[in-house]
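The values are calculated or read from the model by the stated rules, or taken from the named source; none is laboratory data. This structure is a prediction, so every number in the text was calculated from the model and none was measured. In this analysis, Cβ positions are derived from the backbone assuming ideal geometry, glycine residues included, and neighbour counts consider all displayed protein chains. Calculation scope for accessible area: heavy atoms of the full protein, side chains included, ligands and nucleic acids excluded. Shrake-Rupley method; radii C 1.70, N 1.55, O 1.52, S 1.80 Å.
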Amino acid sequence: MTGVAFLLSAAACSVVQDGGKVDEPTGEGQIALELSGHGVTLQVDDRGMSHVTSGDEVSGYGGLCYAMARDRLFQMDVVRRSAQGRLAEIYGPGEDDSILGQDLLARAQNLPAFAAARYAAAAPRTKRVLQGCAAGVNQYISDAKASTSGLPLEFQTLGYQPAPWTPEDSVLAYIYVGVTFDTLTWFTKLERAAVASIAGTDVATTLIKEAPDDVSMFDAQGNLNPISQFLVPPGPTAPSATIVNPPPPTCLDGARRLTEQARRMAPASGRASNAWAVDGHLTSTGKPLLASDPHFPHSTPSAVYVAHLKVNGLYDVAGWMVPGFPGFVSGHTDRIAWVPTYSLFDSVDLYVETLRGASGGGQEALVNGQWKPVTRRVETIRVKGQADVQRTFRSTPHGPILNDGLDGLESFGTLALKSTAGQPEWKVDGYFEMPAALNWTQFRTAALKQSIGWNFIFADYAGEHGHIGYQNSGLAPQRQSPLNALYPVPGSGGHEWTGYATSAELPSVYDPPSHILMTANHRIVPRSYAPQGRPVHLANYWDMPWRAQRIATRLTAATGPITPQDMASIQLDTQTTIGLPLRDSYLAALGRVGLPADDPSASASAAALAAWDGNAAASSQGAAVYEMLTLILLRNTVRDIIGPDEYGLFAPNVFLTNQLNGLIDVLANPRAPYFGIVPGVDAGAARDQAVRAALAQADAMLRDALGSDVSAWTWGGIHELKYNHPLAGEDARFDIGTFPATGDVETVNIGGWFAKIGILDLPPGDFEDAGGVRGALDQDSLSATRLIWNLAPLDGSLGVMSTGVSGDPRTCHYTDHAEAWRAGQTFPIPFTSAAIP
């Protein structure tokens, strides 16, 4: 393996910063590599996207990962360190030991060991590809060190060098994607148990209200439901039927609450995405169009990486991947395309373990009537600027014990985490078969060889109009008890995994009669799902159907053939689904009870609310009132039932859309214990008074944030997108800025998951220190990229990144997508050699 020879075009993009220059091509141009004994060409187009060509698959992935490292090496290393529990080594302990706490939780989960085991069991092709990837990353590290500009700026700012990349690191990066999804699931199980212990099972079921069965993608037998089921009827939003859940297991009797330490480790982001496809019967091209806008926690640079790999004689593929993992999670070739959304599989369980002492000072855990050994390992965590921390971590037969890395679980007992990533069935092999697939059958076979829960929507371009299909994919554990899906459960027996949903049991469809397929993290199957005769559990915490409903409404309302630009416009949609019905319920309540007398803004804000069109645009005055009123009313409703301390944990740990579903329920059917209702109290009047009180509190917060002139209030004035590179405070070159944000938690163009809305309940002083209203409503989740796959013609696809392709601000591709992303613009994505600029 040799170094690189730079073949620059005259238009090569490089910029000088403080007298320094990045001496590799940072824009248009070509790099000639030799990796694994084969030649590789790396061409960078004028938008920073890398196009890699090789005659050998292994060296091709080496070139792809060379390009990825060249653009995102620091981000790759941060993902690796996050999974390893090694962030404090470069950042220090963090405020209140927050970074050290994150490391301890990661160490407890022992993810590198999982990654090593999963790599060892991977298919030979996967191993070869990941070995090639590691060689490419390490070649870039070597070349960067030898260059005059050195390693990417982040490493120079922090004063450290990256360790060599390994094939196991790529598996670890993909495992970590699942871990970030799954953490919110097990925190929600803890929170459901806590709320049930405080206020009872019925309250927990209402406050964490699940998505309704009547708006699922498939029916109980596995048949695709008609798209008409997703069209929103006119009139008020009716509350969805309440699903009756059983109480927690007896091992959780008594008060079960997380402590302040656990509060600081609560997941601060949601997970979401939209994906849909329309076949050629409905499109302007006569062939399928697909849309992908993966919603990830907001990060700078973007949380995904987009590139193009051509292996001569095998395949030609472009798409997005996770930094560090070279599998195309979404992509297109010259024959097929695919787009994903997260399927919200219930992939983790918490076991309350029964332990006893064992000989030699060890411990044993009771599992199915037998005492099994508890393993121990001692790890040293290096912390920048202070002494090392040494900690002992334990694992039971179920999995790692979380208490060893997360303080605050004491009232729940000793909790072991069982996850699909820790099981031998977990795999990534399918990603390296997808690019070579020529048709639906081959793609479906490949898609079923990966283990994170995804909804894959597929298209091929064969025949007159092409075809579209859907495949649910991933490991979906089946259990002895339904309680696993809701709460921590006893580890002593009766709640074990019994296997996984089979490939035949995972829902799938090809050529739907509506010519449309869509997923938006909404419920895929009802709770009664039994496609092969046996009940199959996939998930509990689906998102509400509101984004899916809006997408279906836009697609079916089209008056002419759907164009790629129409698809892109839907990705920008900020019309709410529940906004106008909720607004009407608020105005009706205020009409009955009157405006708050002590609120000088009440008349003007109520008028703005009445004039609002339901659009969560950044410039909207009515949206500012609606969003604040809704969140304050929700806060008051939940907090008054479970108390302010528990609300501080509830707010970030439960999907906000599940919370809003519960609010819709209690507004339509006011009852005890909500709104202070007790026997003898007029339930409707109590609800109306709660709306009035919430308006006064919301208006006060809006005045403090935006001034007393209600006509100057806008949603974007309190809801902001702050580009959040972790080193922006160290070097101004990393800082992109802060801008008004659009959308909210239920719009197609998502405005965030608002996991920090607990800030709205902090006392004065703490509230301001946390950023006040803007801190609570900061955009914490967004579409990391927006893509429209269009293979007719092959260069017809469109896309944009949330920041830029590069993570190094010394290049001109660090921010060159950001303004276009905010403005709702897209760029052509070249695919054929002649089109690459």
Taking a straight Cα-to-Cα line shorter than 12 Å from Lys722, and setting aside same-chain aspartates and glutamates fewer than 8 residues away, one finds Asp735, Asp778, Asp780
Summed side-chain charge close to Trp320 - residues other than Trp320 whose Cβ falls under 11 Å, Lys, Arg +1, Asp, Glu -1: 0
What does the charge count around Gly676 come to, taking other residues whose C-beta lies under 14 Å from its C-beta (Lys +1, Arg +1, Asp -1, Glu -1)? +1
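Thinking of the range 387-430 as a set of Cα atoms, what percent of all their pairs are more than 14 Å apart?
Distances greater than 14 Å cover 59 percent of the Cα pairs.
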So what's the gap between the Cα centers of the range 111-129 and the range 160-213, to the nearest angstrom? 24
Report the local net charge at Ala616: Lys and Arg +1, Asp and Glu -1, summed over other residues whose C-beta lies under 13 Å from its C-beta. -2
Place the peptides 80-89, 148-157, 763-772, 553-562 in order of packing, highest mean first, counting for every residue the other Cβ atoms within 10 Å and averaging per peptide. 80-89, 148-157, 553-562, 763-772
Which label marks the calculated value of Rg/Rh (Cα atoms, Kirkwood Rh), given the options [x] 1.02; [y] 0.98; [z] 0.95? [z]
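Let's test the formula: R0 of 22 Å, r as the Cβ-Cβ distance of Ala436 and Asp511. What FRET efficiency results, to the nearest 0.05?
0.45
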Bin width 10 Å, origin at 0, all Cα-Cα pairs of the range 62-150: what percent of pairs per bin? 16, 33, 35, 15, 1
Taking alpha-carbon centroids only, the range 709-723 lies from the range 415-457 a number of Å equal to 42
When the Kirkwood radius is taken over all Cα pairs of the range 303-434, what Stokes-Einstein diffusion coefficient follows at 37 °C and 0.692 mPa s, in µm²/s? 174
For the range 672-740, which whole percent of the accessible surface, found with a 1.4 angstrom probe, sits on carbon and sulfur atoms? 49
Signed unit charges on C-beta, dipole axis of the range 691-811, positive-most listed residue Gly707, Thr785, Tyr723: Thr785
Give me the accessible area per residue for the range 570-729, probe 1.4 Å, as a whole number in Å². 33
Calculate the FRET efficiency for Ala820 and Arg592 from the Cβ-Cβ distance with a Förster distance of 56 Å, rounded to the nearest 0.05. 0.75
Which distance in nm do the two modelled labels at Ser528 and Ala116 give, with both placed 7 Å along the Cα-to-Cβ direction? 4.9
For the peptides 525-531, 138-144, what is the packing order when you average, over each peptide's residues, the other Cβ atoms within 10 Å and list the highest mean first? 138-144, 525-531
Which of the residue pairs Lys310/Lys427; Lys127/Lys189; Lys209/Lys418 have a Cα-Cα distance greater than 29 Å in the structure shown? Lys127/Lys189
Calculate, in nm to one decimal, what Ala163 and Glu425 gain on full extension: separation in residues at 0.36 nm each, minus their alpha carbon distance. 91.4 nm
Residue-averaged 222 nm ellipticity for the chain, from DSSP H runs of 4+ at -39500 (n - 2.57), nearest 500: -10000 deg cm²/dmol
Rounded, prolate or oblate (a/c below 1.5 giving rounded, otherwise prolate when a/b exceeds b/c) for the range 101-231 by Cα gyration tensor: prolate
Could you check the simple spin-label distance between Val678 and Asp202, using points 7 Å along Cα→Cβ, in nm with one decimal? 1.7
Within the range 385-401, find all residues whose amide N lies under 14 Å from a label point positioned 7 Å from the Cα of Lys372 along Cα-to-beta-carbon. 395-401
Got a sec? Which residues in the range 522-539 would a label at Gln480 touch, if it sits 7 Å along Cα→Cβ and we count backbone N under 20 Å? 535-538
Have a look at Gly85, Gly319, Ile664 and report the one farthest towards the positive end of the charge dipole of the chain, computed about the Cα centre with Cβ charges (Lys/Arg +1, Asp/Glu -1). Gly85
For Tyr160, Tyr510, the accessible-area ranking with a 1.4 Å probe, largest leading, is Tyr510, Tyr160
Please give the contour-minus-distance gain from Asn312 to Ala220: 0.36 nm per residue of separation, less the Cα-Cα distance, rounded to one decimal in nm. 28.7 nm
Of all DSSP beta bridges in the chain, what percent run antiparallel (nearest 5)? 90
Compute the distance in nm between two label points, each set 7 Å from the Cα along the Cα-to-Cβ direction, one at Lys145 and one at Asp704. 5.2
Quick check: from the Cα gyration tensor, does the range 375-471 come out rounded (a/c under 1.5), prolate or oblate? prolate
Taking alpha-carbon centroids only, the range 725-754 lies from the range 346-384 a number of Å equal to 40
Kindly state, to the nearest 0.05, the FRET efficiency for Thr445 paired with Val232, given R0 = 41 Å and r defined as their beta-carbon distance. 0.65
Determine the dipole magnitude for the range 621-673: charges of +1 sit on the beta-carbon of Lys and Arg, -1 on that of Asp and Glu, nothing else is charged, the reference point is the Cα centre, and the result goes in debye to the nearest 20. 80
Carbon and sulfur atoms: what percent of the 1.4 Å accessible area of the range 480-550 do they account for? 53
Mind ranking 63-74, 325-336 by how tightly packed they are, going by the mean number of other C-beta atoms within 10 angstrom, highest first? 63-74, 325-336
Could you give the length gained by full extension between Asp584 and Asp388, i.e. 0.36 nm per residue of separation minus their alpha carbon distance, to one decimal place? 64.8 nm
Integer Hz, Karplus 6.51/-1.76/1.60 couplings in order for the range 492-497, x for Gly and Pro: 7, x, x, 9, 7, 6
